[in-house]
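Asks: I have a structure I would like to understand better, so I am pasting it below and will then ask my questions one at a time.
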Amino acid sequence: MNYSSTTGRRARLWRALAVLLALGLVAAACGNDDDSAEEPDTTDPDTTETTTDDEAAPEGPEITPGGSITVGLEDEQNNWLPSVGSFANAGTMAARAVYDPIAARGEDGQIYPYLAESIEPNDELDEWTVTLREDIQFHDGTDLTAEVMKTIFDDYLTVEDAVTAGSLSDVDEVRVDDELTYTYVLNQAVASFPDLLYGSVGWPFSVEACEAAGGRDGDCGEQMVGTGPFVFESWIRDGDLTLSRNPDYWRVDANGEQLPYLDELVFQSIPDEDARVNSVASGSISVGQTLRQSSVRAARDLDGVATYEAIGNNGGGSIFNTAIPPTDDVRVRRGLTHAINQDDLIEVLGGTDITPPQTQFFSPDSPWYSSAVEEVWPTYDPDQAAEHLDEYINDPERSDGRNVGDPIEVDFYCPPDPTLLDVAQAYQSFWQAVGVDVNLISLDQPTHIQNAISGDYMINCWRAGGQSDPYITLSNAFSDPETNPLNFTNYGSETIDENLEILRTSTDFDVRYAAVEDIMFELAEQLPQIWTGGTATSIFAIDEVQGLDSWTIPGPDRAPLVNGDGVINATTFFAEVWLQQ
């Protein structure tokens, strides 16, 4: 599926989502009759002729359960515990096979309850009450309850140095209302709060199993015990993550057949892009994942392989650590930005004619995109680059402590993937052309990410952005770095704080749009990060693998209610994936 063909419709739906979220009108599988009324009711045999089995039966091929597939991922996960792991695209896709989310995003852009029956706000939007589905168990046989959710919040997600703590800084406490109902009590109104429950803070895990494994500081992160369609069997770091079918999974398909279809699911870390593509081409693995344009193009040319592509808000580029010299000085960041040619870097990535240059956190498909910001984004101009850099070089108070006239020296970190090495060398070439000494340093992906979290880097090649509400995306990226480990650039300002406050509280789309645009203008001026192009992504698979792009969100009867948001960011859900035999 190529989402570029649905640009206009998706933009309108995003705008609708923004308004709905601002109004707190989050769909609830059981709590919103209007939403469920549009779906055929197949649960009541005594209903009218409009809901007979013949008319309600879904069309499609006959599905044969069973079989095993191996999925090649772009990198390895550092830890599987939601409060510790840095779940990038690869880790998210694997984790979704084991952890069900509290909520998920539909193809219409709305957030729907998933493990929850309902998610409802109070009038002030500072309390969000979640009612869990009945009789949901973790893989170790323990029950998913409100008390479990409170323990996860208190003892894991919000403890010191938890990577999730910053995302939950608006939540004062989780209040248990009854066995299956709990409330996130916020310290302020957050209209977009349910969006957060789609990510790792909304992935319940068995506390009992985690504590038996030594807890957060023990081996808990070496395993996964969730409520999802597949059960953890083994994990060999930099090797295979092996999962087996959960025979007691709570979901069914549209025909009432229990999910998942597959008997076994194996994720294999294959960081080398060419090796991953070739592995699918040879049939040694069944499915591959890529966020690199060159591999998107290569996968298109494979015989017997289907591709499922998307371009969302995620984009590639680099981040500057604004807390250390010389990248703490905007003159350096501005000079380095003017020195790069986005089109050339996109060509190095193999993305020419696949992905456009990017200038902000939101793609032209998004209702939050600003053409005015695009116009002010620094373009390739070596003369301006040299002017900004010379101003810094000749400043007696330059932050790096070097003598006036000494060249600027920077460290550029990137994982050792061949494509990224080419990109790193391109950056080096551009910056050396304006007199900057550039040290290229390769680190494996987990270390690369961990160093960004700890602030132990100067310039990282990086991807940023996502489909979440702008408040979530931008507060994660730029709220107070003292309390938010996800603020990798360590950049913040009063202007950004003021506009984040508007995004948090406003119910008016135009007001929120203006706040987003103000932040984008500041980022284009201060440049804590730079963009190359949007991230074209693809999941590619041998033709026998079906259902990769058609996962669904369950309704009250646990059967599919609406389609999910597809293969955005090269991730998907595997409960409804099957092998054509």
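Asks: So which residues in region 177-209 are farther than 27 Å from Thr505 by Cβ and among the β-branched types (Val, Ile, Thr)?
Replies: Listed by number, the list holds a single entry, Val207.
Asks: Right, something else. When you look at Ala97, is it at pLDDT 95 or above, crowded, with 23+ Cβ neighbours inside 10 Å and part of a strand (DSSP E or B), yes or no?
Replies: Details: at pLDDT 95 or above: yes; crowded, with 23+ Cβ neighbours inside 10 Å: yes; part of a strand (DSSP E or B): no.
No, not satisfied.
Asks: Is it fair to say Leu125 is under 16 Å from Gly202 (Cβ atoms) and open to solvent by less than 60 Å² (accessible area, probe 1.4 Å)? Show your work before the answer.
Replies: Values: under 16 Å from Gly202 (Cβ atoms): no; open to solvent by less than 60 Å² (accessible area, probe 1.4 Å): yes.
So Leu125 fails the test.
Asks: Thr227 fails exactly one of the following numbered conditions: (1) without any contact (Cβ under 8 Å) to a residue 60 or more places away in the chain; (2) within 21 Å of the chain's Cα centre (by Cα). What is the number of that condition?
Replies: (1)
Asks: Residues in region 305-341 that are surrounded by 20 or more Cβ atoms within 10 Å (Cβ to Cβ), in contact with a Gly (Cβ under 7 Å, 6 or more places away or on another chain) and modelled with pLDDT of 95 or more: how many?
Replies: Looking only at that region, the number is 1.
Asks: Just one of (1) more than 17 Å from Val84 (Cα to Cα); (2) open to solvent by less than 30 Å² (accessible area, probe 1.4 Å); (3) in contact with a Phe, Trp or Tyr (Cβ under 6 Å, 6 or more places away or on another chain) trips up Arg133, so point out which.
Replies: Only one criterion is unmet by Arg133, namely (3).
Asks: Condition check: under 30 Å from Ile285 (Cβ atoms), open to solvent by 30 Å² or more (accessible area, probe 1.4 Å) and under 24 Å from the mean Cα position of the chain (by Cα). Does Phe232 satisfy that? Break it down into steps so the answer makes sense when it comes.
Replies: Details: under 30 Å from Ile285 (Cβ atoms): yes; open to solvent by 30 Å² or more (accessible area, probe 1.4 Å): yes; under 24 Å from the mean Cα position of the chain (by Cα): yes.
Answer is yes for this residue.
Asks: Also: Test Asp177 against the criterion of being closer than 24 Å to Ala191 by Cα and not in a loop (DSSP other than H, G, I, E, B), and give yes or no. Before you say what the answer is, go through the steps one by one.
Replies: Working: closer than 24 Å to Ala191 by Cα: yes; not in a loop (DSSP other than H, G, I, E, B): yes.
Here the answer is yes, as Asp177 does meet what is asked.
Asks: Taking the condition within 15 Å of Arg333 (Cα to Cα), in a helix (DSSP H, G or I) and not basic (Lys, Arg), does Asp400 pass? Before the answer, list the steps.
Replies: On the way: within 15 Å of Arg333 (Cα to Cα): yes; in a helix (DSSP H, G or I): no; not basic (Lys, Arg): yes.
No.
Asks: If you don't mind, another one. Provide a single number: the residues in region 170-207 that are more than 21 Å from Asp123 (Cα to Cα) and surrounded by 15 or more Cβ atoms within 10 Å (Cβ to Cβ).
Replies: Going through region 170-207 one residue at a time, the tally reaches 11.
Asks: Moving to a separate point now. Only residues that are in a helix (DSSP H, G or I) and either touching a Ser or Thr at 6+ places or on another chain (Cβ under 9 Å) or closer than 16 Å to Asn341 by Cα (or both): list them for region 403-425, please.
Replies: Matches in region 403-425: Thr419, Leu420, Leu421, Asp422, Val423, Ala424, Gln425.
Asks: Does Leu168 satisfy the condition of being part of a helix (DSSP H, G or I), within 30 Å of Asp480 (Cα to Cα) and in contact (Cβ under 8 Å) with a residue 12 or more places away in the chain?
Replies: Working: part of a helix (DSSP H, G or I): no; within 30 Å of Asp480 (Cα to Cα): yes; in contact (Cβ under 8 Å) with a residue 12 or more places away in the chain: yes.
Judged against the criteria, Leu168 is not a match.
Asks: Restricting to helices (runs of 4 or more DSSP H) lying wholly in region 464-581: which have 3 or more residues that are polar (S, T, N, Q) and within 23 Å of the chain's Cα centre (by Cα)?
Replies: Details: elements: 470-478, 494-505, 509-526.
Fully inside region 464-581 and qualifying: 470-478.
Asks: Could you please give the count of residues in region 282-323 that are of a type in the set (Gly, Ala, Ser) and closer than 16 Å to Pro356 by Cα?
Replies: Here is the first cut: in region 282-323, the residues of a type in the set (Gly, Ala, Ser) are 282-284, 286, 288, 294-295, 298-299, 304, 306, 310, 312, 315-318, 323.
Next, from what is left, pick out any that are closer than 16 Å to Pro356 by Cα: 294, 310, 312, 315-317.
The qualifying residues number 6.
Asks: Failed condition for Gly351, given (1) of a type in the set (Gly, Ala, Ser); (2) crowded, with 24+ Cβ neighbours inside 10 Å; (3) part of a helix (DSSP H, G or I), with all others met?
Replies: Here Gly351 clears every test but (3).
Asks: Right, here's the next one. Sort through Gln445, Gln425 and tell me the only one that's closer than 20 Å to Arg292 by Cβ and open to solvent by less than 40 Å² (accessible area, probe 1.4 Å). It would help to see each step written out before you state the result.
Replies: Numbers: Gln425 fails: open to solvent by less than 40 Å² (accessible area, probe 1.4 Å).
When all the criteria are applied, what remains is Gln445.
Asks: How many residues does region 139-164 hold that are under 24 Å from the mean Cα position of the chain (by Cα) and open to solvent by less than 30 Å² (accessible area, probe 1.4 Å)?
Replies: 8
Asks: Taking region 365-390 on its own, how many of its residues are part of a loop (DSSP other than H, G, I, E, B), open to solvent by 20 Å² or more (accessible area, probe 1.4 Å) and either at pLDDT below 95 or not β-branched (Val, Ile, Thr) (or both)? Break it down stepwise before answering.
Replies: Filtering region 365-390 for residues part of a loop (DSSP other than H, G, I, E, B) gives 365-370, 377-381.
Right, trim to open to solvent by 20 Å² or more (accessible area, probe 1.4 Å) and you get 365, 369, 379-381.
Okay, now just the ones that are also either at pLDDT below 95 or not β-branched (Val, Ile, Thr) (or both), so 365, 369, 380-381.
Number satisfying all stated conditions: 4.
Asks: Evaluate the following for Arg245: is it open to solvent by less than 20 Å² (accessible area, probe 1.4 Å), among the basic types (Lys, Arg) and farther than 30 Å from Asp353 by Cα?
Replies: Answer is no for this residue.
Asks: Ok, one more. Considering (1) farther than 30 Å from Pro121 by Cβ; (2) crowded, with 19+ Cβ neighbours inside 10 Å, say which one Val562 fails and leave the rest.
Replies: With respect to (1) farther than 30 Å from Pro121 by Cβ; (2) crowded, with 19+ Cβ neighbours inside 10 Å, Val562 is out only on (1).
Asks: Looking for something farther than 19 Å from Ala339 by Cα, without any contact (Cβ under 8 Å) to a residue 60 or more places away in the chain and either not in a loop (DSSP other than H, G, I, E, B) or not polar (S, T, N, Q) (or both) - is there at least one such residue anywhere in region 426-435?
Replies: Kept after step one, since they are farther than 19 Å from Ala339 by Cα, are these residues of region 426-435: none.
Checked region 426-435: no residue is farther than 19 Å from Ala339 by Cα, without any contact (Cβ under 8 Å) to a residue 60 or more places away in the chain and either not in a loop (DSSP other than H, G, I, E, B) or not polar (S, T, N, Q) (or both).
Asks: When the residues of region 403-412 are filtered to those that are farther than 16 Å from Leu345 by Cα and touching a strand residue (DSSP E or B) at 6+ places or on another chain (Cβ under 8 Å), which remaining residue is most open to solvent (accessible area, probe 1.4 Å)? Step through it out loud before you land on a result.
Replies: So the first thing to find is which residues in region 403-412 are farther than 16 Å from Leu345 by Cα, and the list is 403-411.
Now restrict to residues that are touching a strand residue (DSSP E or B) at 6+ places or on another chain (Cβ under 8 Å): 407-411.
Values: Pro407: 53, Ile408: 1, Glu409: 69, Val410: 0, Asp411: 39 Å².
If we take residues in region 403-412 being farther than 16 Å from Leu345 by Cα and touching a strand residue (DSSP E or B) at 6+ places or on another chain (Cβ under 8 Å), then Glu409 is most open to solvent (accessible area, probe 1.4 Å).
Asks: Among the residues of region 258-297, which ones are in a helix (DSSP H, G or I), touching a Lys or Arg at 6+ places or on another chain (Cβ under 9 Å) and surrounded by fewer than 24 Cβ atoms within 10 Å (Cβ to Cβ)?
Replies: So in region 258-297, the residues in a helix (DSSP H, G or I) come out as 273-282, 293-297.
If we keep only those that are touching a Lys or Arg at 6+ places or on another chain (Cβ under 9 Å) as well, we get 273, 295.
Glu273 - this is the single residue of region 258-297 that is in a helix (DSSP H, G or I), touching a Lys or Arg at 6+ places or on another chain (Cβ under 9 Å) and surrounded by fewer than 24 Cβ atoms within 10 Å (Cβ to Cβ).
The values are calculated or read from the model by the stated rules, or taken from the named source; none is laboratory data. These numbers come from a predicted model, not from an experiment. Please note: Cβ atoms are built from the backbone with ideal geometry, for glycine as well, and neighbour counts cover all protein chains shown. Heads up: the accessible areas ignore ligands, DNA and RNA and are worked out on the full protein's heavy atoms, side chains in. Shrake-Rupley method; radii C 1.70, N 1.55, O 1.52, S 1.80 Å.
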